[in-house]
Amino acid sequence: VQLQAYGGGLVQDGESLRLSCSASGITFSIYAMGWYRQAPGKQREWVATVTSDGRTWYTSSVEGRFTIFRDNAKNTVYLQMNRLKPEDTAAYYCEAYRASESYWGQGTLVTVSS
């Protein structure tokens, strides 16, 4: 199983980025997919989830700015991040999970400068 996250980079306050996470080795469509982030010196925190049937949830700090969506034909989950803030700076990780199974990708770094 492999999850590959990419799309991070350096942006200015208020700009946008789209992260992608491509999965292989699993039946992607039956897994819930999540995005998490870890800022320097802080614990990893949950950001957003999209279930296998397309329901979405967001942590309050990104609600209305971030959108998680999936393309099962491409085995990919996305995180569209708009109106980015310096406090969004973190390494972003994707997770595929179902029942007792959980798989993680490597992080992709997002840096938002003020």
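The values are calculated or read from the model by the stated rules, or taken from the named source; none is laboratory data. All values reported here derive from a predicted model rather than from experimental measurement. Glycine also receives a Cβ, built like all others from the backbone with ideal geometry; neighbour counts cover every protein chain displayed. The area values use the complete protein model at the heavy-atom level, side chains included, leaving out ligands, DNA and RNA. Shrake-Rupley method; radii C 1.70, N 1.55, O 1.52, S 1.80 Å.
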Taking only pairs six or more apart or across chains, which ones have beta-carbon atoms under 9 Å, a first residue in segment 25-53 that is under 14 Å from Trp104 (Cα atoms), and a second residue that is open to solvent by 70 Å² or more (accessible area, probe 1.4 Å) and assigned to a helix (DSSP H, G or I)?
Phe28/Lys74
Given the criteria part of a strand (DSSP E or B) and either in contact (Cβ under 8 Å) with a residue 60 or more places away in the chain or out of contact with any strand residue (DSSP E or B) (no Cβ under 7 Å at 6 or more places or on another chain) (or both), does Ala73 qualify?
no
Is there a residue being of a type in the set (S, T, N, Q) and open to solvent by less than 40 Å² (accessible area, probe 1.4 Å) anywhere in segment 1-19?
no
Assuming Glu87 fulfils every condition listed in (1) more than 12 Å from the chain's Cα centre (by Cα); (2) surrounded by 13 or more Cβ atoms within 10 Å (Cβ to Cβ); (3) within 12 Å of Arg37 (Cβ to Cβ) apart from one, which condition is it?
(2)
What pairs can you find where one residue is in segment 95-114 and without any contact (Cβ under 8 Å) to a residue 12 or more places away in the chain, the other is part of a strand (DSSP E or B) and of a type in the set (Gly, Ala, Ser), and their Cβ atoms are less than 8 Å apart, with a gap of 6+ or different chains?
Ser102/Ala96
Just the residues that are small (Gly, Ala, Ser) and either under 15 Å from Met81 (Cα atoms) or loosely packed, with under 14 Cβ neighbours inside 10 Å (or both), please, taken from segment 24-38.
Ser24, Gly25, Ser29, Gly34
Segment 48-74, subset surrounded by 14 or more Cβ atoms within 10 Å (Cβ to Cβ) and of a type in the set (D, E, K, R), residue nearest to Gln38 (Cα to Cα)
Arg65
